[in-house]
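Here the structure is laid out as structure tokens; the discussion comes afterwards.
The values are calculated or read from the model by the stated rules, or taken from the named source; none is laboratory data. All values reported here derive from a predicted model rather than from experimental measurement. Cβ placement follows ideal geometry from the backbone for every residue including glycine, while neighbour counts extend to all protein chains displayed. Note: accessible area is taken over every heavy atom of the protein model, side chains too, but ligands, DNA and RNA are not part of it. Shrake-Rupley method; radii C 1.70, N 1.55, O 1.52, S 1.80 Å.
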Amino acid sequence: MSSTLDKLRQAAAPPPAPPPPPKTPPRPSQDSPGRRAIRRFARHRLAMLGLVIVTLFVLVAILAPLIAPYDPVATSWARIRKAPSSAFWFGTDENGRDVLSRVIWGARASLMAGIVSVAAAIGLGVPFGLWAGLAGGWTDAVISRVADAMLSVPFLILAIALAAFLGPALENAMLAIAISATPIFVRLARGMALEAKATDWVEAARALGNPPWRTALRHVLPNIVPPLLVQGTLAIAEAIIAEASLSFLGLGQQPPSPSWGSMLNAAQRFLTQAPWMAIYPGLAIFLVVLAFNLVGDGLRDALDPRSDKNK
Amino acid sequence: MGIWLLRRLGQIIPTLLILSVLIFGLQQLMPGDPALILAGEERGDPQVLAEIRAELLLDRPLWQQYLAWLGRVLTGDFGFSWRIRMPVAQLILEKLPVTLQLALMAFVIAVLIGVPLGIVSAVWKDRPVDWAANGAALAGISTPNFWLGIMLILLFSVQLGWLPPSGYVSLFEDPWQSLATTIMPAFVLGNSIAGVLMRHTRAAMLTALSQDYVRTARAKGLTERMVVVKHALRNALIPVVTLGTIELGRLLAGAVLTEQIFTIPGFGKLIVDAVFNRDYPVVQGVVMATALIFVLLSLLADLLYMAINPRLRAS
């Protein structure tokens, strides 16, 4: 667990700040902004709790074959809709499958959809945002209007429409979520690029004859890592809910492969006879989304010293 | 003011045009030939297929198809539903009032929960009340809408038997029954934005409470209650009203799953049914209508912002 923790901490650390103005005396090395952010994050008890829960879910997803007590797709007519017991902690579903094993395996679909689609959205949105912000003019106008157009359709409706046209499959749901989440990152990167463009060091980099892509990569990108980390974490939470929603509607993970959303869909038909089928998958979504939100809020507080004022 | 409105419209129109290209482009993602879907039983007959293609302009180049489609959309004609031979625009107008009732009830619920919680948590910042309110907001934001709906049905319909688990009765038919069928879905929808409203209110109140005029009000001996209600709250509500208007648009997205869970025949159920029936003109129409509503709401938010903020009214 500590390795994941360390990785996240390293990632949480913003890159070295631009050279401080000569007036201020050089800071002692252990007091760099990055280290201060890590310390602030580590002191944030709720954020650490969120990080622990996220890590646990990641471990559950990776180790699913080892820890799931039963085969998640094995049906059995002998044990249909059995209430939770010592043999089946979360009960069994309408086909006699073990709900606990399906919740454990379902973590894979959820986390993968959340993380992969947000990574894709960042990979797609950030270059376009940087390009728009640094180039300005018509390029900026076109990219910004396209982002505006996509943002004018609520996230979930856009994802549903895309998934509908792409056809029902987990990969298509992930693609739909990634595309729907992209404009947020275009906006974020564009804003940061505009802010950076006005600074002296970017001015200097350009004056020295660096090509625009190099300026973007070396001087703008490092500065957008902190806000990207915050926005990305919160976007994962939203993407997980979106994946569950699409799977609930039958547009995501296809049966019999387990996913929390499709489990809830099946559960709705047996609410009177087998409420446990509805309780546990939903609880899993709630917990993992809550955890990502806690980490995102904690990162925001840790990385943005200005937010201390309102906290 | 007039110039401002023109400039704003100058932003909105290109945005909507680009959106129309994107929505039209959705068709190209679709696997398979729409003519085959439409032909149904007669898909073996090349004559029928050719007729359908000619009728839908599927035999023309893409840009001609787009322009023809856009021309019809601009006159309010979103085409015909493939499933139920009915104009898409009429379908949308039929379903919209149901969702509107739901959204307005949800909004009232969200304001009743979110704004007071935001106020108390700002006034008693860093006290247990603040922690509890923040925790409640975070839990609300993290709860998947459709799961909350299922849990409420489990509690109030299955266990207690107080409320009907699904269905919808129009407000004009039987107001009481209408309320009984919509209170749970409205709460589910409202819950999704109550947390967001709480956070907005808290942040705005904290900013307002740290202003000089609040210090002055305190210094001249006003009661804390007067300071909070008359001085801080009135100013804090300005951003909350605008942000709240935009959140109203997000309720449309929330309505998709909520209506599905509670089988309410509204706007959200329309798009889901259309998706299942591969009724693509309806999907396109609903997305376009949602975007239009959303854009109009953000315009309304800007106008409200100017209307309630006396400092901006003059300019």
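Among the listed residues A:Pro227, A:Pro256, which satisfies the condition of being more than 10 Å from chain B (Cβ to nearest Cβ) and in a loop (DSSP other than H, G, I, E, B)?
A:Pro256
Residue by residue, here is whether (1) open to solvent by 10 Å² or more (accessible area, probe 1.4 Å); (2) within 18 Å of A:Leu251 (Cα to Cα); (3) more than 10 Å from every other protein chain (Cβ to nearest Cβ) holds:
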{"position": "B:Gln260", "(1), (2), (3)": "yes, yes, no"}
{"position": "B:Gly266", "(1), (2), (3)": "no, no, yes"}
{"position": "B:Lys269", "(1), (2), (3)": "yes, yes, yes"}
{"position": "B:Asp273", "(1), (2), (3)": "yes, yes, yes"}
{"position": "B:Gly285", "(1), (2), (3)": "no, no, yes"}
{"position": "B:Ala301", "(1), (2), (3)": "no, no, yes"}
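Consider B:Leu248 carefully, then state whether it is crowded, with 23+ Cβ neighbours inside 10 Å and modelled with pLDDT under 85.
Considered against the rule, which asks whether it is crowded, with 23+ Cβ neighbours inside 10 Å and modelled with pLDDT under 85, B:Leu248 comes out as no.
Would you mind finding the one in B:Arg60, B:Arg72, B:Arg8 that is surrounded by 11 or more Cβ atoms within 10 Å (Cβ to Cβ), in a loop (DSSP other than H, G, I, E, B) and among the basic types (Lys, Arg)?
After applying the criteria, what remains is B:Arg60.
Considering only residues that are over 14 Å from A:Gly106 (Cα atoms) and of a type in the set (Ser, Thr, Tyr), which ones fall in the range A:61-94?
Hits for the range A:61-94 are A:Thr75, A:Ser76, A:Ser85, A:Ser86, A:Thr92.
Would you check if B:Leu154 is assigned to a helix (DSSP H, G or I), within 8 Å of chain A (Cβ to nearest Cβ), open to solvent by less than 30 Å² (accessible area, probe 1.4 Å) and in contact with a Gly (Cβ under 8 Å, 6 or more places away or on another chain)?
So B:Leu154 does not fit the description; no.
Might you let me know whether the range B:90-111 holds any residue that is within 14 Å of another protein chain (Cβ to nearest Cβ) and over 30 Å from B:Ile193 (Cβ atoms)?
No, that holds for no residue.
Collect the residues in the range B:31-53 that are open to solvent by less than 50 Å² (accessible area, probe 1.4 Å) and within 17 Å of B:Phe80 (Cβ to Cβ), keeping them in residue-number order.
Correct list: B:Pro34, B:Ala35, B:Leu38, B:Ala39, B:Gly40, B:Val48, B:Ile52.
Taking B:Trp176 as the residue in question, decide whether it is surrounded by fewer than 17 Cβ atoms within 10 Å (Cβ to Cβ) and farther than 30 Å from B:Leu93 by Cα.
Considered against the rule, which asks whether it is surrounded by fewer than 17 Cβ atoms within 10 Å (Cβ to Cβ) and farther than 30 Å from B:Leu93 by Cα, B:Trp176 comes out as no.
Collect the residues in the range B:136-150 that are open to solvent by 40 Å² or more (accessible area, probe 1.4 Å) and more than 7 Å from chain A (Cβ to nearest Cβ), keeping them in residue-number order.
B:Ala136
Does at least one position in the range B:201-223 carry a residue that is in contact with a Phe, Trp or Tyr (Cβ under 7 Å, 6 or more places away or on another chain) and open to solvent by 40 Å² or more (accessible area, probe 1.4 Å)?
Taking every residue of the range B:201-223 in turn, none turns out to be in contact with a Phe, Trp or Tyr (Cβ under 7 Å, 6 or more places away or on another chain) and open to solvent by 40 Å² or more (accessible area, probe 1.4 Å).
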